[in-house]
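Worksheet: the structure to be examined is printed underneath.
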């Protein structure tokens, strides 16, 4: 399977170059704008992947999804409209794997539900992937108004989290009751406790 994917990624730039023979644009101004928008959206995608390593995300339920969709659309326009040359083929080797990864991210994307603890900290729940048994529970912190940092995360295999009751949020620990559908865990509400080990 891995060899097949490698084969597709290597040959796809050359395969797509045939389509530009029919759909390619000769308007240099339009092509220049497509190049710029594609590179900008590609840069945003790379930035999202980099900050994810540091447990940071853009704030907002659908911010990342919007960036993903814009990248997918601009990449398709780029593949079809920008005339084929060696610089385009070279960029294709970076764009095509990114395009496939982002497409997969769109398929598995789950918007987070956010329950504020105070003005700075929140509890965030989201389904992390296709094979996740339930929603992950994360303690998050707002950073610079546009980022959210994940301080602590756990996956207690709860589905359809409806609400959260904060019992104790102190410098020593956090205790909350999580109301869910009770499908995978009969304890409802679920008692979730985290000792503060420098998280907040």
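Relative to the dominant Cα principal axis of the chain, helix 28-53 is inclined by about 30°.
Applying 1/(1 + (r/R0)^6) with r as the Cβ-Cβ distance of residue 188 and residue 76 and R0 = 45 angstrom yields a FRET efficiency of 0.50. Between the helical axis of 2-23 and the longest alpha-carbon principal axis of the chain there is an angle of about 50 degrees. Label zone (residue 100, point 7 Å along Cα-to-C-beta; backbone nitrogen cut-off 19 Å) within segment 128-143: 130.
Quick note on segment 113-195: its Rg to Rh ratio, both from C-alpha atoms and Rh being the Kirkwood radius, is 0.96.
Taking the longest Cα principal axis of the chain as reference, the axis of helix 63-81 is set at about 10 degrees.
For residue 167 and residue 107, what is the calculated FRET efficiency with R₀ set at 25 Å and r taken between the beta-carbons, to the nearest 0.05? The calculated FRET efficiency here is 0.10.
Could you calculate the contour length gain from residue 147 to residue 132, that is, 0.36 nm times the residue separation minus the distance between their Cα atoms, to one decimal place in nm?
Contour length minus the Cα-Cα distance gives 3.0 nm.
Give the peptides 91-100, 113-122 in descending order of average Cβ contacts within 10 Å, highest first.
Most protected by this proxy first, the peptides run 91-100, 113-122.
Projected onto planes of every orientation and averaged, the convex hull of the alpha-carbon atoms in the chain covers 14.0 nm².
All of the numbers you see were taken from the coordinates with simple rules; none came from a lab. These numbers come from a predicted model, not from an experiment. Neighbour counts are summed over all protein chains in view; Cβ atoms, including those assigned to glycine, are modelled from backbone coordinates with ideal geometry.
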